[in-house]
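Q: Here it is, the structure in full.
No value in this document is a laboratory result; all are computed from the given coordinates. Predicted, not measured: the structure shown is a model, and the values here were computed from it.
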Amino acid sequence: MSDKERLENMSPTGFDLDGNVLLRSEDYHWLMERAERVEEIEKDLEEWQNEAIRLFKLFEESQERLLKVEYVEEIEKELNEWQNEAIRWIKLFEEYQELNKRYREALEHIERIQSVDVAQQIARQALEGE
């Protein structure tokens with residue numbers, strides 16, 4: 001017999017002077033067992049709810065950490081782009097330093113010579129990078 005059927009078939013044996021229902025001993029003990037089982041289930045449910053809340057908090061923390069990781073990855077990508085740009089500028093600066101050195105050497109050489117034709121040729125070579 002199911003619990004539902006047992007409850008439906010249960011009938012009081014009488015009433016006491018205060019109006020309380022009197023039950024057969026076996027029905028009373030069965031009801032007490034059911035009440036204890038309900039308390040156990042409620043306790044289990046509370047533990048499961050607490051565990052679910054703990055897991056949800058862990059999930060939220062994981063989401064926050066993931067967002068931080070994605071933010072860090074975005075910053076690292078941006079930093080990498082800036083580093084590449086800095087390297088490009090350093091290379092340009094070095095090229096211009098070399099170019100400036102060639103021009104300075106050409107001008108110093110021009111100052112030492114007297115011929116305009118030779119001076120023009122030296123200047124042209126410096127500009128062309130020869």
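Q: Per DSSP helix of 4 or more residues, -39500 (n - 2.57); summed, then divided by the residues of the chain. What does that give at 222 nm, rounded to the nearest 500?
A: My calculation for the chain gives -30500 deg cm²/dmol from helical runs alone.
Q: Related question: Whole angstrom only: what separates the Cα centroid of the range 95-129 from the Cα centroid of the range 40-94?
A: What the calculation gives is 58 Å, centre to centre.
Q: For the range 93-105, what does the Karplus curve 6.51 cos²θ - 1.76 cosθ + 1.60, with θ = phi - 60°, yield as ³J(HN,Hα) per residue in whole Hz, taken in order and with x for Gly and Pro?
A: 4, 5, 4, 5, 5, 5, 4, 4, 4, 4, 4, 4, 5
Q: Which of the aspartates and glutamates could be linked to K57 by a straight reach, that is with a Cα gap under 17 Å, when you skip same-chain ones fewer than 8 residues away?
A: Here the aspartates and glutamates satisfying the reach criterion relative to K57 are E46, E47.
Q: So if I average 1/r over every pair of distinct C-alpha atoms in the chain and take the inverse, what Kirkwood radius in Å does that give?
A: 24.8
Q: Cα to Cα, under 18 Å, and not fewer than 8 places away if on the same chain: which aspartates and glutamates meet these conditions relative to K77?
A: K77 reaches E85.
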